[in-house]
């Protein structure tokens with residue numbers, strides 16, 4: 001056996017040069033730790049919201065049967081196919097499209113369409129409208145992680161497509177909050193790593209084995 005190299009991990013020295021790599025140009029170690037804690041808290045809050053939303057959406061779909069229009073299903077299948085092809089870049093042009101049949105995307109597309117219809121019905125029945133204050137808070141929170149937050153905020157409001165995506169995300173949050181207000185919610189204790197780890201994706205095989 002030939003050993004090419006032996007390396008040992010050495011922690012970086014905590015100094016101004018190190019802090020500046022993370023955007024902290026003043027305040028030293030105290031400011032650096034504040035920034036790290038702030039980022040971790042923001043990451044934790046986002047992870048918890050996403051996990052709660054994911055579980056809630058799964059419950060909604062389990063409790064309701066939705067008739068899915070074929071046109072909507074076909075459009076979603078096409079969108080998922082294009083999304084996958086986009087990962088291959090220019091190489092997608094030379095690929096055989098037969099390796100991406102509709103059946104490959106049908107299950108996920110069906111879930112997305114049914115969930116979209118459920119969300120739309122909740123918005124209609126509950127008469128939920130986009131809260132502009134929450135849109136602003138969403139954008140401010142996203143911009144907080146950048147060196148020039150104000151520039152990021154202005155960019156969001158000047159780009160209609162980007163603003164629409166934020167409004168859709170906020171509307172989702174409002175629907176989730178509305179349903180949670182009426183649902184029976186149980187809490188569970190977890191650590192930081194556990195909160196950031198997404199729930200495992202359930203499969204038909206695992207469902208069958210449990211049943």
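Arranged from highest to lowest average of other beta-carbon atoms within 10 Å per residue, in what order do the peptides 153-162, 61-70 appear?
Descending mean neighbour count gives 153-162, 61-70.
So how tilted is helix 28-63 from the main axis of the chain? Cα-based, degrees 0 to 90, rounded to 10.
10
Could you tell me which of rounded, prolate or oblate describes segment 129-185, using a ≥ b ≥ c as the square roots of the eigenvalues of the alpha-carbon gyration tensor, with rounded for a/c under 1.5 and, failing that, prolate when a/b is larger than b/c and oblate otherwise?
Verdict is prolate for segment 129-185.
How many times 2.2 N^0.38 Å is the alpha carbon radius of gyration of segment 63-136?
1.47
Compute the distance from the alpha-carbon center of segment 77-156 to that of segment 7-73, in whole Å.
After rounding, the separation between the Cα centres reads 18 Å.
For residue 172 and residue 129 in the same chain, what is the full-extension length gain: residue separation times 0.36 nm, less their Cα-Cα distance, in nm?
My answer for the length gained is 14.4 nm.
Got the relative contact order for the chain handy, in percent, Cα pairs under 8 Å and 6 or more residues apart?
21
Mind ranking 118-124, 183-189 by how tightly packed they are, going by the mean number of other C-beta atoms within 10 angstrom, highest first?
118-124, 183-189
According to the square roots a ≥ b ≥ c of the eigenvalues of the Cα gyration tensor, what is the shape class of segment 1-137, taking rounded for a/c under 1.5, prolate for a/b larger than b/c otherwise, and oblate for the remainder?
In terms of gyration-tensor shape, oblate.
Taking Cα atoms, how many degrees apart are the long axis of helix 70-86 and the longest axis of the chain, rounded to 10 and kept between 0 and 90?
Result, in degrees: 30.
Given the options 115, 85, 73, which has the most mean-square fluctuation in a GNM of the chain, springs set between C-alpha atoms less than 10 angstrom apart?
Highest fluctuation of the listed residues: 85.
Using mean Cβ contacts within 10 Å as the protection proxy, how do 166-174, 129-137 order, highest first?
Descending packing order for the listed peptides: 166-174, 129-137.
Read-outs throughout are calculated quantities, based only on the coordinates presented, and are distinct from any laboratory measurement. All of these numbers come straight from a predicted model, not from anything done at the bench. Backbone-built Cβ (ideal geometry, glycine too); neighbour counts: all protein chains shown.
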